[in-house]
Amino acid sequence: MSTSAPASIPAKAPAKSLHAIGLGAVGEWIMASTVNNLMMPIFTTGFGLNPVLVSWASTLPRLLDAITDPLVGHWSDNTRTRWGRRKPFLVAGGLGGAFMMVALWWCPLAWSHTSQFLYLFVVNLLFWFAFTLYTMPTYALVAELSLDFHDRTRVMMMRSIYCSLPTLGVGWVYWLTLRPIFGGEINGIRWTSAGLAVLVVFCALMPVLFVKERYATRHQEPQSFLRSLKSALANRQFQHAISIRLLVMLGAQIFNGLSFYLNTYYACGSDKMLATKILGISGTVHVLATFLALPLTPWIGRRFGKIGGLRLGAGLFALAAMLGWVLITPSAPYLQIGMALITGPAAGIFGTFMASFGADICDIDELNHGRRREGVFGAVTSFLTKVEASILALTVGYGLSFSGFSAALGMQDEYVLWKLRLFALLPYGCFTVLGLILAWHFPITQQLMTEVRAELDRNAAKNHGEPHPLV
């Protein structure tokens, strides 16, 4: 049975919903960045825990988290409550994630390192489960916000802008924990995280209070997890989209994983002070360039089509990979900042259009199967992205080993640096070009989605009354 939307909800996303979803993304980002960025330094330098133990306590929960993504997405798709399909998960995940983000740092100092490791592992596991409870239904809720082909780009653009805002303050959290008023970094992170948790709860509950679920009241027969997962993975448009995403991001992330070494030991001649200064400037330029490019995405989509926007984003990544051979040079170390002027807009444009097509894929799936599965599609994407990140960690490690790099040597041999450049830039270029080729043949066009929307509205008229307006 079709589950097309009721006519009481506007086809285009209301401004109130856009800002509420954006604030939810801010809360989501604060939770993840606080734990990801501070766990290693706080538990190694503050608690004195072995870095290897901290790494395992961080990695194992994330692997389990990747497995739970599709399960939570499917659970959300098939939940029916008086409050809707998604909102109960958002409340549980937002409150639970904020609480665990604070609890993580309250491990007793007097405990043995084994006990501290177990505490860190368990609380981190609970944190990432709560995070999944929030993020998977949120991704589905975002996909439901608009029925309009181009308005979906506006939705993703606004969410991306909100996600960019807190990145400007990421470097200041650790600095804040070291203020003398706290008497040490452990007390500092305990109270700083408590303040951040209040902000997280406020932001995380905004979608619950101000976003109306489009398909909350539609009846949908329960379907087994494996059958739902199989149907999603068999979707041809989804296969094409996820292949583009994985190729482009794998190339970019291999480069990002090795860029510190390329910058420090090749461009800056092992001068870490210069390298970290350039890294900081590049990071700021990247964020600002992304932020400035995002408002252009709706215009790009209408002027050149969403496929044109997707090609532009992938093409900018490929351009950055090619220019890296010239811009990253020991003769002019600061020249590599030019990479950020390209990769910033590339990330904003590519990510926005890639996410915008996700809602279109859900419409095609509904037409073919009569079901709304935003949760499963979002969760499978998240799962594959996390698997890719795990592969990336191994790839970067083997890349350093392949190059013959040794931190103990300080200055590296020229042949080592040549291999380091090769391993950082060649896969970057190859993977992004392959992604660009796939983007050039992406099958979802505006004409196709107009036909899909019209058919869904005809089905809605038969099953529920009046079709949903596209105005």
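Bear in mind that the values in this text are calculations on the coordinates, not laboratory data. Quick caveat, the model's predicted, so the values are computed rather than measured. Glycine also receives a Cβ, built like all others from the backbone with ideal geometry; neighbour counts cover every protein chain displayed.
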> Could the peptides 56-63, 145-152 be put in order, highest first, of the mean number of other beta-carbon atoms found within 10 Å of their residues?
Replying inline: 145-152, 56-63
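Could you list Asp271, Asp65 in order of exposure, starting from the residue whose Cβ has the fewest other Cβ atoms within 10 Å? Can you show the working numbers first?
Values: Asp271 14, Asp65 21.
Neighbour counts put them in this order, fewest first: Asp271, Asp65.
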> What are the ³J(HN,Hα) values, in whole Hz, obtained from phi via the Karplus relation 6.51 cos²θ - 1.76 cosθ + 1.60 with θ = phi - 60°, for each residue of the stretch 108-116 in sequence order, with x given for Gly and Pro?
Replying inline: x, 5, 6, 5, 5, 5, 5, 5, 5
> How many percent of the alpha carbon pairs in the stretch 39-131 exceed a separation of 15 Å?
Replying inline: 64
>> Rounding to the nearest 10 and keeping the result within 0 to 90°, find how far the Cα-based axis of helix 374-403 lies from the longest principal axis of the chain.
In response: 20
> For the chain, what does -39500 (n - 2.57) per DSSP helix run (n ≥ 4), summed and divided by total residues, give at 222 nm, in deg cm²/dmol to the nearest 500?
Replying inline: -26000 deg cm²/dmol
> Fewest first, what order do Thr297, Thr79 take by the number of other Cβ atoms within 10 Å?
Replying inline: Thr79, Thr297
>> For Cα pairs less than 8 Å apart in space and 6+ apart in sequence, what is the mean separation divided by the residue count of the chain, i.e. the relative contact order in percent?
In response: 27
> Can you give the Rg to Rh ratio of the stretch 7-211, both from alpha-carbon atoms, with Rh computed by the Kirkwood formula?
Replying inline: 1.02
> So which lysines pass the test for Lys212, namely a Cα distance under 24 Å, with those fewer than 8 places away in the same chain ruled out?
Replying inline: Lys12, Lys16, Lys87, Lys462
> Using alpha carbons only, how many degrees (0 to 90, rounded to 10) separate the axis of helix 87-103 from the longest principal axis of the chain?
Replying inline: 20
> Angle between the Cα long axis of helix 272-293 and the longest principal axis of the chain, 0 to 90 degrees, nearest 10?
Replying inline: 20
> Rg and Dmax of the chain, Cα atoms, in Å?
Replying inline: 23.0, 74
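Could you order the peptides 357-363, 187-193 from most to least packed, using the average number of other C-beta atoms within 10 Å per residue?
For the peptides 357-363, 187-193, the packing ranking is 357-363, 187-193.
Give me Tyr139, Tyr398 sorted ascending by neighbouring Cβ count inside 10 Å, so fewest comes first.
The most exposed by this proxy come first: Tyr398, Tyr139.
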> Which value results for Rg/Rh of the stretch 225-465 when Rg is the Cα radius of gyration and Rh the Kirkwood radius based on the inverse mean 1/r?
Replying inline: 1.07
